[in-house]
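To start, the structure under review is shown below, and the notes come after it.
The values are calculated or read from the model by the stated rules, or taken from the named source; none is laboratory data. A quick note: this is a predicted structure, and the numbers were derived from the prediction, not measured. No Cβ is skipped: glycine too gets one built from the backbone with ideal geometry, and neighbour counts run over all protein chains shown. Heavy atoms of the whole protein, side chains included, go into the accessibility calculation; ligands, DNA and RNA do not. Shrake-Rupley method; radii C 1.70, N 1.55, O 1.52, S 1.80 Å.
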Amino acid sequence: NLLHIDGAGVDARELKRLFAQDAQLVEAPIAADGEVLGMAVAPAGGCATNPVFVSPGHRVSMRTAVDLVRRCSVRRVPEPIRVADQRSREIARQMEPPSNG
């Protein structure tokens, strides 16, 4: 979890508060020792006040990661992640043994 890195000095509640108070805020850096480790990104279209926490990946820059998240977000969570979550929950429900009751 990006917010649990020693020295990051980031409080998720404070970031959420900042985004809730400022509708114009679209992203805020998450840094430790002067190095940006990730970004708190406002959901596209102002559909929610809680930011999405984004970090770069293998051969993906911070800017590209943020841009991808903003372009893929119809709701708060980027669409590929939301759909994968829905499908995994559906499969998990199908795998549950029937309850005796």
It is to be established whether one or more residues within the range 78-94 are open to solvent by 60 Å² or more (accessible area, probe 1.4 Å) and not in a helix (DSSP H, G or I).
no
For the range 60-73, check the following and say yes or no: at least one residue is over 26 Å from residue 32 (Cα atoms) and surrounded by 12 or more Cβ atoms within 10 Å (Cβ to Cβ).
yes
